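Every read-out reported here was derived from the displayed coordinates using simple, explicitly stated rules and does not represent laboratory data. All values derive from a computational prediction rather than experimental measurement. Cβ placement follows ideal geometry from the backbone for every residue including glycine, while neighbour counts extend to all protein chains displayed.
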Amino acid sequence: MPDFADAMAFRHACKRFSEQKIPEATFEQVLEFGRMSPSSFGMEPWRFLVVADTALREALRPLCWNQPQITESSHLLIITADNECIKPGTAYVRAMFARRGLPEEAFERYLGVYADHMGPQFHSREAIEAWTHKQCYLAAANMMTGAASLQIDSCPIEGFEKAKVEALLALEPARSVALIVAFGYRLNPQPEHYRLDLDAVVERR
């Protein structure tokens with residue numbers, strides 16, 4: 001497997017995909033990269049929706065600024081967030097902490113720290129989504145870089161009509177769409193990477 005630097009150099013926002021399909025076993029590995037990603041407090045609020053239905057992808061495309069990646073990519077992944085389960089005091093939160101096997105006192109202390117930290121932030125649906133969607137982006141980044149290590153291309157997509165996409169997918173009210181990621185194999189040569197120099201983005205004190 002190429003090293004991490006090679007994967008980073010290979011990865012780019014692929015806009016047009018060939019007709020070549022990713023083997024299912026290989027794409028399962030990409031999903032595993034997402035599953036194994038870190039999340040704040042270990043809450044893993046992401047839920048991965050793999051859209052294979054051709055008709056559904058065709059219906060999604062006009063809601064995603066008519067971007068060809070929606071229908072041309074081998075695999076289309078919609079990363080959604082569960083915004084209710086991660087609220088302090090839920091059975092889900094307790095279960096996520098309980099799996100650590102902490103002594104009762106430490107377990108209750110962690111629940112208190114979580115409630116103190118998260119409770120004030122969850123004053124609105126928008127505030128909750130701001131937090132859960134950040135976690136989803138961690139998983140998305142790992143999936144895209146992991147896919148690149150397998151010589152698979154990807155494109156993160158934020159250009160979509162969120163409410164309409166959620167309605168089309170008939171998501172339960174607790175879930176929201178964080179972003180969409182298309183995976184496949186490039187049709188055209190990779191364009192040049194444009195990045196700021198390291199000195200422009202790193203501050204040392």
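A few comments on the model shown:
- Of (i) 0.96; (ii) 1.13; (iii) 1.06, the label for Cα Rg over 2.2 N^0.38 Å derived from the coordinates: (ii)
- Gain upon complete extension [Thr90, Met36; 0.36 nm per residue less C-alpha separation]: 17.2 nm
- Segment 89-205: proportion of alpha-carbon pairs further apart than 16 angstrom, %: 76
- The calculated 222 nm mean residue ellipticity attributable to helices in the chain amounts to -13000 deg cm²/dmol, summing -39500 (n - 2.57) over DSSP H runs of n ≥ 4 and dividing by all residues.
- Along segment 5-19 the Karplus relation, 6.51 cos²θ - 1.76 cosθ + 1.60 evaluated at θ = phi - 60°, assigns HN-Hα couplings of 4, 5, 5, 5, 6, 6, 6, 8, 7, 6, 8, 10, 10, 7, 7 Hz to successive residues, with x for each Gly and Pro.
- Sorted peptide list for 28-38, 194-204, 63-73, 174-184, criterion being average Cβ within 10 angstrom, highest first: 174-184, 63-73, 28-38, 194-204
- Around the Cα centre of the chain, unit charges on the Cβ atoms of Lys, Arg, Asp and Glu (plus for the first two, minus for the last two) sum to a dipole of about 140 debye.
- Excluding same-chain neighbours fewer than eight residues apart, the aspartates and glutamates reachable from Lys162 by a Cα-Cα span under 19 Å are Glu58, Asp82, Glu84, Glu126, Glu129, Glu172.
- Lys, Arg +1 and Asp, Glu -1 on Cβ, resulting dipole of segment 1-59 about Cα centre, debye, nearest 20: 240
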